[in-house]
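> The structure's right below; bear with me while I get my questions together.
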Amino acid sequence: MPSRSQHDAFDNHASPFCSMRGKPGGIVKTADIVVIGAGIVGAAIAFGLLGKGKKVMVLDGAPEDFRASRANFGLIWVQGKGEGIPSYQAITQQSASEWDEFARKVREIARLPLTMEQKGGLILCLGDKEWSARSAKNERLAAQQPGREPDTVMLERDELSRLLPGVRLGQEVVGASFGRTDGHVNPLELLTSLHVAIRRLGGAVSFGTPVLNVRPTSLGFEIVTDKETFAAEKVVLAAGLSTPGLAAPLGMRVPLKPQRGQILVTERMRPFLPFPASGLRQTGEGTVTIGATQEDVGLDISTTVSAASRLAARAVRIVPALEHATIVRQWSGLRIKSPDGAPIYDRSRRYPGAFVASCHSGVTLAAYHAHGVADAVIAGALDDHMSAFAPERFDVQKCA
Ligand SMILES: Cc1cc2nc3c(=O)[nH]c(=O)nc-3n(C[C@H](O)[C@H](O)[C@H](O)COP(=O)(O)OP(=O)(O)OC[C@H]3O[C@@H](n4cnc5c(N)ncnc54)[C@H](O)[C@@H]3O)c2cc1C
């Protein structure tokens, strides 16, 4: 842990990182590793690297950047993930199993509340068709891991009602898939706690410092911003939808596209929903979040009436009492999606100290990022599991 005087130094914006030499337009500061992007992905990796004794600088972008980490649903979600991609299924399970310990460490270091619960989660089924499709999907996922107890169990309406004694379910609800290891977290508390924890561990987070480019040097990399230039042995590109542009000059192709998700939030209600459900979750404060749409509309974060009415209509079919709830907010964010929906982790072949980390389940995978991905960056190599997430997999699919 850094000393109190180091904390004070950060509070006064005096960085403990070494200033090496003057330079027109900025100075060079050194770190072992610079992480580009202070969203959940970059912040979780930086937290993990600092915990392993590395000197880390995190640079975050401009106010107008897209930030999925501030717009998400907060689920730690295993069920349904990784069909046809067993490595994705495995790292999701691993991350969920490490989440509780990860949250404990973040809380201990940040000394801030981090509301999190992981006692199971529901995918509610309206009608027999949804129930059969969900049940078949769960069976296919279980078949990918013979010998392992399945993550999910299908519940008939009666069993579901017993699990949700405070809810009068809509008539069309026939049951649900229950994921034993699913859970939820307050995503904004998570992000803030990670930023504070990074600083308390002796790292730095610099907001409003968009990276213009990353230049390979004989010692590693120069990371150029309009204020300062940073030098580091390694660099991790975790800049969300901006990652492809930063990665291309380093010889890494990162095929990503945005997918808009809109979410509604109700007024605070008495606690009635003891488990998060995909599409419906009651937060610690009592609000109910309803979401999220999946829309291919490019880089557009508008909110729309049509999405609000679709989301609200489905929520009312599940829990008719929500008909009377007041909607107090609606927002949208852009998911960061690869062509197959699984993460992209990569290391540059040409410049081996450069790494990419990108995924569309950054909350769920936060524990894995702080552990597995941070270890890989330190080792300078992706382990066997992670190499399955290199973007070359898309070339193979194309040839097949
Ligand atoms: C509606 C919605 C619901 C979701 N629900 C869930 C969920 O329930 N569970 C789950 O696990 N995941 C969920 N996700 C996905 C999750 O939010 C993302 O996987 C995660 O936030 C991605 O984090 P990130 O750090 O990669 O990207 P971002 O949060 O987008 O952060 C990228 C950061 O990089 C910075 N940046 C960009 N360019 C530069 C630059 N040139 N220099 C420096 N910094 C730069 C930006 O300023 C930004 O802060 C959801 C997403 C959405 C949109």
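> Report yes if Ala321 is farther than 22 Å from Leu59 by Cβ, in a helix (DSSP H, G or I), touching a residue at least 12 places away in the same chain (Cβ under 8 Å) and more than 15 Å from the ligand (Cβ to nearest atom), otherwise no. Steps first, please.
Details: farther than 22 Å from Leu59 by Cβ: yes; in a helix (DSSP H, G or I): yes; touching a residue at least 12 places away in the same chain (Cβ under 8 Å): yes; more than 15 Å from the ligand (Cβ to nearest atom): yes.
Criteria met by Ala321.
> Kindly indicate the residue of the stretch 238-254 that is away from the ligand (no atom under 11 Å from the Cβ) and out of contact with any strand residue (DSSP E or B) (no Cβ under 7 Å at 6 or more places or on another chain) and also nearest to Gly341 (Cα to Cα) among those meeting that condition.
Arg253
> Being buried (at least 22 other Cβ atoms within 10 Å of the Cβ), among the aliphatic types (A, V, I, L, M) and either more than 19 Å from the chain's Cα centre (by Cα) or assigned to a helix (DSSP H, G or I) (or both) is true for just one of Val316, Val373, Val328. Which residue is that? Before the answer, list the steps.
Values: Val316 fails: buried (at least 22 other Cβ atoms within 10 Å of the Cβ); Val328 fails: buried (at least 22 other Cβ atoms within 10 Å of the Cβ).
Of the residues listed, the single one that is buried (at least 22 other Cβ atoms within 10 Å of the Cβ), among the aliphatic types (A, V, I, L, M) and either more than 19 Å from the chain's Cα centre (by Cα) or assigned to a helix (DSSP H, G or I) (or both) is Val373.
> Taking the conditions exactly as written (closer than 21 Å to Phe275 by Cβ, more than 9 Å from the ligand (Cβ to nearest atom), under 18 Å from the mean Cα position of the chain (by Cα) and buried (at least 20 other Cβ atoms within 10 Å of the Cβ)), does Val78 satisfy them or not? Explain how you work it out, then say what you get.
Numbers: closer than 21 Å to Phe275 by Cβ: yes; more than 9 Å from the ligand (Cβ to nearest atom): yes; under 18 Å from the mean Cα position of the chain (by Cα): yes; buried (at least 20 other Cβ atoms within 10 Å of the Cβ): yes.
Against the criterion (closer than 21 Å to Phe275 by Cβ, more than 9 Å from the ligand (Cβ to nearest atom), under 18 Å from the mean Cα position of the chain (by Cα) and buried (at least 20 other Cβ atoms within 10 Å of the Cβ)), Val78 qualifies.
> Only residues in the stretch 244-259 that are touching a residue at least 40 places away in the same chain (Cβ under 8 Å) and farther than 20 Å from Gly353 by Cα count as the first member; pair them with residues that are within 11 Å of the ligand (Cβ to nearest atom) and basic (Lys, Arg), Cβ under 7 angstrom, at least 6 apart or cross-chain, and list the lot.
Listed pairs, sorted by first residue: Leu256/Lys337; Lys257/Lys337; Pro258/Arg335; Gln259/Arg335; Gln259/Lys337.
> Would you check which residues across the stretch 340-353 are within 16 Å of the ligand (Cβ to nearest atom) and in contact with a Leu (Cβ under 9 Å, 6 or more places away or on another chain) and list them? Full working, then the answer.
First, the residues of the stretch 340-353 that are within 16 Å of the ligand (Cβ to nearest atom): 340-346.
Those that are within 16 Å of the ligand (Cβ to nearest atom) and in contact with a Leu (Cβ under 9 Å, 6 or more places away or on another chain): Pro343, Ile344, Tyr345, Asp346.
> Also: Please go through the stretch 50-74 and pick out each residue that is assigned to a helix (DSSP H, G or I) and within 6 Å of the ligand (Cβ to nearest atom). Let's see the steps before the verdict.
Residues of the stretch 50-74 that are assigned to a helix (DSSP H, G or I), as a first pass: 50-51, 68-70.
Across the stretch 50-74, the qualifying residues are Ala68, Ser69.
> If we keep just the residues of the stretch 354-369 that are near the ligand (Cβ under 6 Å from one of its atoms) and β-branched (Val, Ile, Thr), which is farthest from Glu98 (Cα to Cα)?
Once the filter is applied, the top-ranked residue is Val363.
> Here is a follow-up. Would you check if there is a residue in the stretch 214-234 being within 13 Å of the ligand (Cβ to nearest atom) and touching a His at 6+ places or on another chain (Cβ under 7 Å)?
Among the residues of the stretch 214-234, not one is within 13 Å of the ligand (Cβ to nearest atom) and touching a His at 6+ places or on another chain (Cβ under 7 Å), which makes the answer no.
> Let me ask you something else. Name the strands (runs of 3 or more DSSP E) wholly inside the stretch 225-309 in which the number of residues that are over 26 Å from Asn186 (Cα atoms) is 1 or more.
Answer list for the stretch 225-309: 229-237.
> Looking only at the stretch 36-62, how many residues end up being within 15 Å of Ala232 (Cβ to Cβ) and crowded, with 24+ Cβ neighbours inside 10 Å?
Qualifying residue count, the stretch 36-62: 11.
> Next up: State which residue pairs qualify: first residue under 12 Å from Ala43 (Cβ atoms) and inside the stretch 360-375, second residue part of a loop (DSSP other than H, G, I, E, B) and within 11 Å of the ligand (Cβ to nearest atom) in any location, beta carbons under 7 Å apart, and separation of 6 or more residues or different chains.
Gly362/Gly39; Val363/Asn72; Val363/Gly74
> I would also like to ask the following. If we keep just the residues of the stretch 201-214 that are outside any loop (DSSP other than H, G, I, E, B) and surrounded by 20 or more Cβ atoms within 10 Å (Cβ to Cβ), which is farthest from the chain's Cα centre (by Cα)? Don't jump to the end; show me each part of the working.
Residues of the stretch 201-214 that are outside any loop (DSSP other than H, G, I, E, B), as a first pass: 204-206, 211-214.
Remaining after also requiring surrounded by 20 or more Cβ atoms within 10 Å (Cβ to Cβ): 204-205, 211, 214.
Numbers: Ala204: 20, Val205: 18, Val211: 21, Val214: 24 Å.
Only one residue fits best here, namely Val214.
> Could you please tell me which pairs satisfy a Cβ distance under 7 Å, a separation of 6+ or placement on different chains, a first residue in the stretch 337-353 that is over 15 Å from Asp384 (Cα atoms), and a second residue that is at pLDDT below 95 and among the acidic types (Asp, Glu)?
none
> Which members of the stretch 175-188 meet the condition of being surrounded by fewer than 20 Cβ atoms within 10 Å (Cβ to Cβ) and more than 14 Å from Val78 (Cα to Cα)?
Asn186, Leu188
The values are calculated or read from the model by the stated rules, or taken from the named source; none is laboratory data. What you see is a predicted model; the values in this text were computed from it and never measured. Cβ sites come from the backbone with ideal geometry, for glycine too, and all protein chains shown count toward neighbours.
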